[in-house]
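Participant: Mind having a look at this structure? Questions to follow.
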Amino acid sequence: MFMCTVASIGQVVSRQRKSRGHRSEFLAGWLSDKFIRPFVQCVCVNMASYTSISKKDPGLLMTELGDNTHRDKEIEAEQQPGDDEAPTRDQWDAKIEFLLSMIGYCVGLGNVWRFPYLCYRNGGGAFLIPYVIMLVFAGIPMFFIELTLGQYAGLGSLPVWNCIPILKGIGWAMCIISAWTCIYYNMIIAWALYYLFASFTSVLPWHHCGHWWNSDACVESWGVANKTANSTNFTRVSPSEEYWHVRVQQISSDIGETGKMNWELSLCLLLAWIFVFLCLFKGVKSTGKVVYITATFPYIILVILLVRGATLPGALDGILFYITPDLNKLRESQVWYDAASQIFYSIGIAFGGVLTMSSYNKFNNNCQRDAVFVPLMNCGTSVFAGFAVFSFLGFMAHELNVDVKDVVATGPGLVFIAYPEALTLLPASPFWAICLFFMLFMLGLDSMFVTLETIITALVDEFPTALARRKTWLLLGFCVAMYLLGLTQCTQAGIYWVTLMDWYAAGFCLIVTAFFMAIGICWIYGIKRFSSNIKDMIGHEPSMYFKVCWMFVSPALMLFIFIFSLVTYSPVEYNGKPYPGWGVSLGLLMAFSSIIAIPLFAIFALYKQEGSFLQRLRAACRPTASWGPSKSAPRPEEEVTYSYKSDSPYPLYDPRSLEYDMKHNNGVPGLANGTKFPLYDPRSLEEERSSKEAIANGGDDISDNVFTSV
C-alpha cells in the first residue's frame with residue numbers, strides 16, 4: 001500500500017511537470033525534497049528488511065508493510081519449529097538448579113550404605129588418604145571432561161561424540177550402563193517405599209519376634225545379652241533380618257528358583273516409576289524444580305540423625321571405630337582399588353549423567369568451578385554420612401553387648417537390616433524410621449531420574465527429527481518397559497537379580513568407558529583443541545594440573561584399576577551363596593554388553609569412510625561437520641549486504657525511479673546510475689554531493705535528475 005501511494009504521487013508529479021512547465025518542475029522538486037524523499041527513505045528501510053521475502057513472493061511485501069499485526073504473527077510462526085524441525089532445547093532456569101541436580105545425582109545411596117563400610121574395612125581414617133588421592137587425580141579431572149563436553153556442545157551423550165566419530169561407541173556404552181542401572185536402582189527405591197509405608201504404625205513390624213515370618217531362631221534385642229552370656233557359639237537372627245528376607249523378599253534358595261510374584265513390591269515399583277516419570281516428563285523444567293526438595297531434604301535428615309545418634313550411649317565407640325586409622329592397610333592394593341571404584345561410582349563418571357545435565361547449561365557457565373565443587377561436596381557428604389551411620393551402629397553394639405564389627409554391614413544389609421534394628425531401640429522409633437526411609441527415597445530418586453534422563457536426552461539429540469516432539473511418549477515407553485523388566489526383581493528371587501546387576505552392570509565397564517574417554521579427548525581430539533574449547537566458555541584455558549591428569553595420571557590410574565579388577569575377580573554371591581554358572585555368565589554378558597559398543601561403532605565409523613585404511617582412520621578421527629559449540633554460544637554479528645539493483649535511469653530518490661521499479665522490478669527500489677549505496681546510507685549523501693560538484697565543474701549533464709535541474 002505504501003509503495004502504491006508513492007507511485008501514485010510520482011505519477012501526479014510527472015503529469016504536473018508536463019502540463020505546467022518549468023514552474024511545475026520547480027514545484028515537483030520542492031515537493032520531492034520536503035515530502036517524497038523522506039517518505040521514500042522510510043520505505044527503503046522497510047524494503048531492506050523484507051528483501052528476502054519479496055524475492056519469494058513480491059505481493060507478500062505489500063501486505064506486510066501495510067499490516068504490522070499480521071507480520072508479527074508471521075514472525076512468531078516462523079520462529080516456531082515446523083513438523084520436521086526439532087524444538088528449541090531447554091536450559092536451566094537458574095544456576096542453582098544445575099548444582100542441586102548434580103549434587104542430588106552424585107549423592108546417592110552409595111554415600112550412605114557403601115562408603116562407611118569401605119572406610120571401616122580399609123583402615124578407618126587411613127582410607128581417606130587413597131580416597132582423596134583418587135579424587136584429586138582421577139575423579140575431579142574426569143568429572144571436568146564430562147562437564148566440558150556436555151556444556152560446549154549442548155548435546156547428550158550420543159551426538160556429543162561427533163567430535164571423535166571413531167569413539168561414538170562411548171556414548172552408546174554410557175546409555176547401556178545407565179539402562180541396566182535404571183532397572184535395578186529403581187527397585188531399591190521401591191524397597192525404601194515399602195519400608196516407609198510399613199513405618200506408619202505405632203510399633204514397627206520388625207521390632208518383635210512372634211509374627212508369621214519369624215522362626216524359632218529369632219532373638220529380640222533385649223535377649224541378646226543373655227544369650228551371649230550363656231553360650232559362646234551363639235548365632236543370632238534378628239527380627240529385622242527375618243522381616244527383610246522372609247516378609248519383604250520372601251526369598252527363595254537361589255536365583256534359579258523364581259517363585260511367585262510379590263504384588264506389594266510390584267505396586268511399590270510401579271509407584272516408584274510413576275514418581276520418576278512425573279519428575280521428568282517436562283524435562284529440565286520439571287527436574288529443576290523437584291531437586292529443590294530431593295537434593296536438600298536428605299541433608300536435613302542426615303543432620304537430625306547425626307545429632308540424635310551422637311547423644312546415644314555407645315555412639316563414641318562407633319565413631320572411633322569408623323575413623324581410627326590403620327596405616328598398615330595402605331600397603332594393600334585392595335584399599336586403593338576400593339577407593340578408586342568408590343570415587344567413580346559415587347560421582348557418576350562414565351554413566352553419562354554429568355554430561356547430560358551440563359548440556360543444559362548456558363555456554364559461558366564456569367564449568368571448571370563446578371568440576372571442583374560438586375565432587376568435593378559429594379565426598380564431604382560421604383564422610384558426614386559415615387558419622388551418622390556409625391553413631392547408631394555404636395549405640396546398637398552397646399545395647400546388644402557386642403563389638404561394633406559384629407553389627408557392621410554394607411549395601412542392603414545396612415539400610416534394611418542393621419539400621420532399622422538400631423531404630424527400634426529408640427523412643428518414638430516409627431518417627432525415626434519414617435525419616436530414614438524417606439531420606440533413602442529422596443537419595444535414590446534424584447539419582448534415578450538423572451540416570452534415565454541420560455538415555456532420553458541422548459536419543460532425542462541423536463534423532464531430533466523423529467523423537468524431539470515425541471519426547472514425553474519416549475519417556476513413557478521407557479518407564480513402562482523398564483517396569484516390566486523390573487518385575488523379575490519382585491519375585492522370590494528378586495534380591496538375587498538386584499545383586500547380580502549391581503555386581504556386573506556398573507562395575508569394571510565404567511573404568512573401561514572412562515579410560516577410552518580420556519584417551520580419545522586428549523590424544524585424538526587433541527588436548528590443545530579441548531583446552532581452546534574450555535577457553536571459549538570460561539575465558540581461560542585449564543591449568544597444567546588438569547592437562548597432566550587428563551593425558552597421563554588419570555589414564556594410568558584407570559588402567560591400574562581395570563587390571564587389578566581382572567586379577568582379583570570373584571564371581572557374584574549373595575550372603576555367602578554362590579550363583580550358578582549360567583547366572584555368572586549372564587552377569588558377564590551384562591558387563592560386556594556396554595563396552596562391546598566401543599569397538600563395534602569404531603568399526604562402523606571406519607566402514608562409512610572412503611579410501612585406504614589410513615585415510616579411513618584419519619577421517620574417522622576428525623570431528624564431523626555438525627560438531628561445534630552449542631546454539632547458546634554467542635555468535636558474531638553477520639554483516640548485512642544489499643544485493644538488489646535497478647536499471648532505472650533515475651536516482652533512487654527520484655519518484656520516477658519508484659514508478660520505473662514498480663513497472664519493471666516488481667516494486668523493488670534499486671540503486672541506479674552506478675550508485676553504490678542506498679539512499680538511507682549516509683554515504684549516499686556524500687556521493688550526491690560529489691555528483692553535484694562534478695556537474696558544477698563542467699561534468700556530464702544529467703538533465704533527467706530533478707534535483708540537478710532545479
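The values are calculated or read from the model by the stated rules, or taken from the named source; none is laboratory data. This structure is a prediction, so every number in the text was calculated from the model and none was measured. Because the Cβ atoms are built from the backbone with ideal geometry, glycine has one as well, and the counts that use them run over all protein chains shown.
Participant: Show me the helices (runs of 4 or more DSSP H) found entirely inside the stretch 229-294 where at least 3 residues are at pLDDT 95 or above and in contact with a helix residue (DSSP H, G or I) (Cβ under 6 Å, 6 or more places away or on another chain). Before you say what the answer is, go through the steps one by one.
Facilitator: On the way: elements: 239-242, 263-280, 284-294.
Correct list: 263-280.
Participant: Another question, then. Going by the conditions given, is residue 378 assigned by TED's automatic domain parsing to the domain that holds residue 151, of a type in the set (S, T, N, Q) and crowded, with 24+ Cβ neighbours inside 10 Å? Talk me through it step by step, then tell me what you get.
Facilitator: Numbers: assigned by TED's automatic domain parsing to the domain that holds residue 151: yes; of a type in the set (S, T, N, Q): yes; crowded, with 24+ Cβ neighbours inside 10 Å: yes.
Spelling it out, residue 378 is indeed assigned by TED's automatic domain parsing to the domain that holds residue 151, of a type in the set (S, T, N, Q) and crowded, with 24+ Cβ neighbours inside 10 Å.
Let's see how each residue does on (1) touching a Gly at 6+ places or on another chain (Cβ under 6 Å); (2) under 26 Å from residue 246 (Cα atoms); (3) not in a helix (DSSP H, G or I):
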{"residue": "143", "(1), (2), (3)": "no, no, no"}
{"residue": "157", "(1), (2), (3)": "yes, no, yes"}
{"residue": "172", "(1), (2), (3)": "no, no, no"}
{"residue": "183", "(1), (2), (3)": "yes, yes, no"}
{"residue": "187", "(1), (2), (3)": "yes, yes, no"}
{"residue": "195", "(1), (2), (3)": "no, yes, no"}
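Participant: Go through the stretch 241-267 and report how many residues are over 21 Å from residue 419 (Cα atoms) and of a type outside the set (D, E, K, R). Even if it seems obvious, please write down each step before you answer.
Facilitator: Restricting attention to the stretch 241-267, the residues satisfying the condition of being over 21 Å from residue 419 (Cα atoms) are 252-264, 266-267.
When the remaining residues are screened for being of a type outside the set (D, E, K, R), the result is 252-253, 255-256, 258-259, 261-263, 266-267.
Within the stretch 241-267, residues that are over 21 Å from residue 419 (Cα atoms) and of a type outside the set (D, E, K, R) number 11.
Participant: Say we look at the stretch 234-269 and pick out the residues that are of a type in the set (A, V, I, L, M) and surrounded by fewer than 18 Cβ atoms within 10 Å (Cβ to Cβ); which of these is farthest from residue 470 (Cα to Cα)? First the steps, then the outcome.
Facilitator: Residues of the stretch 234-269 that are of a type in the set (A, V, I, L, M), as a first pass: 237, 246, 248, 251, 255, 261, 265, 267, 269.
Now drop any that are not surrounded by fewer than 18 Cβ atoms within 10 Å (Cβ to Cβ), which leaves 237, 246, 261, 267.
On the way: 237: 52, 246: 43, 261: 33, 267: 27 Å.
Going through the qualifying residues, I end up with 237.
Participant: Within the stretch 328-354, restricting attention to residues that are aliphatic (A, V, I, L, M) and buried (at least 24 other Cβ atoms within 10 Å of the Cβ), which residue is modelled with the lowest pLDDT? Can you show your working first?
Facilitator: Pass one, the stretch 328-354, residues aliphatic (A, V, I, L, M): 330, 335, 339-340, 343, 347, 349-350, 354.
Restricting the remaining residues to those that are buried (at least 24 other Cβ atoms within 10 Å of the Cβ) gives 339-340, 343, 347, 349-350, 354.
Values: 339: 88, 340: 85, 343: 90, 347: 92, 349: 93, 350: 93, 354: 96.
Ranking the candidates gives 340 first.
Participant: Collect the residues in the stretch 590-630 that are part of a loop (DSSP other than H, G, I, E, B) and surrounded by 13 or more Cβ atoms within 10 Å (Cβ to Cβ), keeping them in residue-number order.
Facilitator: So the first thing to find is which residues in the stretch 590-630 are part of a loop (DSSP other than H, G, I, E, B), and the list is 596, 609-612, 622-630.
Listed by number, the residues that qualify are 596, 609, 622, 623, 624, 627, 628, 629, 630.
Participant: Which residue, of 424, 472, 410, is at negative phi and surrounded by 19 or more Cβ atoms within 10 Å (Cβ to Cβ)? Steps first, answer last, please.
Facilitator: Working: 472 fails: surrounded by 19 or more Cβ atoms within 10 Å (Cβ to Cβ); 410 fails: surrounded by 19 or more Cβ atoms within 10 Å (Cβ to Cβ).
Going through 424, 472, 410 in turn, the sole match is 424.
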